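Written out below as structure tokens is the structure these notes cover.
Read-outs throughout are calculated quantities, based only on the coordinates presented, and are distinct from any laboratory measurement. Note that the coordinates shown come from a computational prediction; the quantities given were computed from them, not determined experimentally. Cβ placement follows ideal geometry from the backbone for every residue including glycine, while neighbour counts extend to all protein chains displayed.
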Amino acid sequence: MAVTKSECLDALSEVIDPELGMNIVDVGLIYRVKPEDDRVEVDFTLTSPGCPLAETIQNDIKRVLHEKTGFSEVQANLVWNPPWSIDFMSEEARFELGYPI
Amino acid sequence: MQITIKDLRATVEDTPILNGVNLEMNTGEIHALMGPNGSGKSTLSNVILGHPSYEVTGGEIWVDGENILDMEVHERARLGLFMAFQYPVEIAGVTVGRFLKRACEIRFGEEQIKTKEFIRQLREMMEFMEMDQQFVNRYLNEGFSGGEKKRMEILQLLMLKPAFAILDETDSGLDIDALKVVARGVNKMRGSEFGALVITHYQRILDHIEPDFVHIMYQGRVVTSGGQELVDALEANGYDWVRKQYGIEEETHEQSTASR
């Protein structure tokens, strides 16, 4: 059975941005998720360019998608356009970090 | 929750304010406490919650069989006691949202409060209290109008769901629309799991929150208790009537005259 986009997002929400201590989906780092047959492609960003955690997060994304959804191929692209902003955070994330909601 | 107050006496800066208060209140009941200025209504509520400026010089306060007089304020609050302040304090730097979330975490347990559900509930209650959603982000009571502060107190009540709440003149300074909203908040809580002591000078809030019991305080004592008919009698005849009816001597007046 095909894995849905929301199942992918559920899996991705287990990846924590270590800087903020919050999952990358709520932080708004996932720009695109495209599951197709036995492979999935993810576009993700980071809160700031030059963030030293790029590799860690990229590896975590691949790991959880393999483990949780069973895709044989996971492609995780780091993208910088559009640049991440606070507006991309979920309401809960903004609230938890003390930003206005 | 059962609250039993026995012969409670208290002073402020060595001035006796409470001179033997007896009162029994339970969840499921709404009590109204009326009385003229200086009769001890606010002192009673402050003493029940454990305000440090008041010294208890005699008597007892029992909550579910436990004497709470030795407890700290936060311990009393954790029993499920709540007070809506007459003059709510402003807390700069602490937003309404963060304040209420932390308070709810302490009351219900951290694992019980999920941020998403908490925000949903908070927004729902704010809508119910006809408060602008942007209040979530504002510092607690800072720059709020008098009416907004009182709504804020009731919002806290709705979120914290105490077993027993004391509303210390929550109606004072409110216009009729705000008064109705405040009353609606209290009435929403009404039920077998909630009780309240509504302290007021005026009849009008009691038209919207119909009390089960009415008590009249005079010179630091509860001089009589009854039902709605007491409110009507007060409204018609004033506090002078209470004094005459219950044979109270004007001691404060004589004292103040003598001291001049």
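Rounded to the nearest 10 degrees, the angle from helix A:54-69 to the longest Cα principal axis of chain A is 50 degrees.
With both labels modelled 7 Å from their Cα along Cα-to-Cβ, the B:ARG78 to B:ASP177 distance reads 4.2 nm. Within region A:48-81, which residues have the backbone N less than 17 Å from the label spot 7 Å out from A:GLU36 along Cα→beta-carbon, could you tell me? Of the residues in region A:48-81, A:71-78 have backbone N under 17 Å from the label point off A:GLU36. Note: relative contact order over region A:5-96, using C-alpha pairs below 8 Å and six or more positions apart, is 32 percent.
Using Cβ point charges alone (K and R +1, D and E -1), the dipole size of region B:90-143 about the Cα centre works out to roughly 200 debye. Give the percent of DSSP beta bridges with both residues in the protein assembly as shown that are antiparallel, rounded to the nearest 5. Around 60 percent of the beta bridges assigned by DSSP in the protein assembly as shown are antiparallel ones.
Measuring nothing but how far apart in sequence close Cα pairs (under 8 Å, 6+ apart) lie, relative to its length, chain B scores a relative contact order of 27 percent. Rounded to the nearest 500, the helix-only mean residue ellipticity at 222 nm of the protein assembly as shown stands at -11500 deg cm²/dmol, with each DSSP H run of n ≥ 4 adding -39,500 (n - 2.57). Stokes-Einstein, applied to the Kirkwood radius of region B:62-136 over Cα pairs at a viscosity of 1.306 mPa s and 10 °C, places its translational diffusion at 110 µm² s⁻¹.
Dipole size of chain B about its Cα centre, with +1 on Lys/Arg Cβ and -1 on Asp/Glu Cβ: approximately 820 debye, rounded to the nearest 20.
In this simple spin-label approximation, B:GLN245 and B:ASP70 carry label points 7 Å from Cα along the Cα→Cβ vector, and these lie 4.0 nm apart. In region B:107-260, taking the dipole from charged Cβ atoms about the Cα centre, the farthest positive-side position among B:ALA178, B:ILE209, B:LEU122 is held by B:LEU122.
Since only B:THR57, B:PHE85, B:LEU18 are under comparison, the one whose Cα sits farthest along the positive direction of the charge dipole of the protein assembly as shown, derived from C-beta charges on Lys, Arg, Asp and Glu, is B:PHE85. Sorted from greatest to least, the principal axis extents spanned by the alpha carbons of chain B come out as 60, 39, 39 Å.
A Cβ-based charge dipole, computed about the Cα centre of the protein assembly as shown with Lys and Arg at +1 and Asp and Glu at -1, lands at about 280 debye. In order along region A:22-27, the Karplus-derived 3J(HN,Hα) couplings, from 6.51 cos²θ - 1.76 cosθ + 1.60 at θ = phi - 60°, round to 9, 6, 5, 6, 5, 6 Hz, and Gly and Pro are given as x. Over 21 Å apart at the Cα level, from the set B:LYS149/B:LYS188; B:LYS101/B:LYS149; B:LYS41/B:LYS150; A:LYS5/A:LYS62; B:LYS116/B:LYS149; A:LYS62/B:LYS116, are B:LYS116/B:LYS149; A:LYS62/B:LYS116. Size of the protein assembly as shown: Rg and Dmax of its alpha carbons, in Å, are 27.8, 96. Just so you know, the averaged projected area of the alpha carbon convex hull for region A:5-96 sits at 5.4 nm².
Here the gap between B:GLU60 and B:ARG204, fully extended at 0.36 nm per residue and compared with their Cα-Cα distance, gives a gain of 48.6 nm. Residues within the reach of a label modelled at B:ASN237 (point 7 angstrom out along Cα to beta-carbon, backbone nitrogen below 20 Å), restricted to region B:191-213, are B:201-204, B:213. In chain B, the DSSP beta bridges split such that about 60 percent are antiparallel, to the nearest 5. Can you tell which of B:GLY28, B:ALA163, A:PRO100 lies farthest toward the positive end of the dipole of the protein assembly as shown, using +1 and -1 charges on the Cβ of basic and acidic side chains (Lys, Arg; Asp, Glu)? Positive-end residue among those listed: A:PRO100.
Each of A:CYS51 and B:LYS116 was given a label point 7 Å from its Cα along the Cα-to-Cβ line. The distance between the two points is 2.1 nm.
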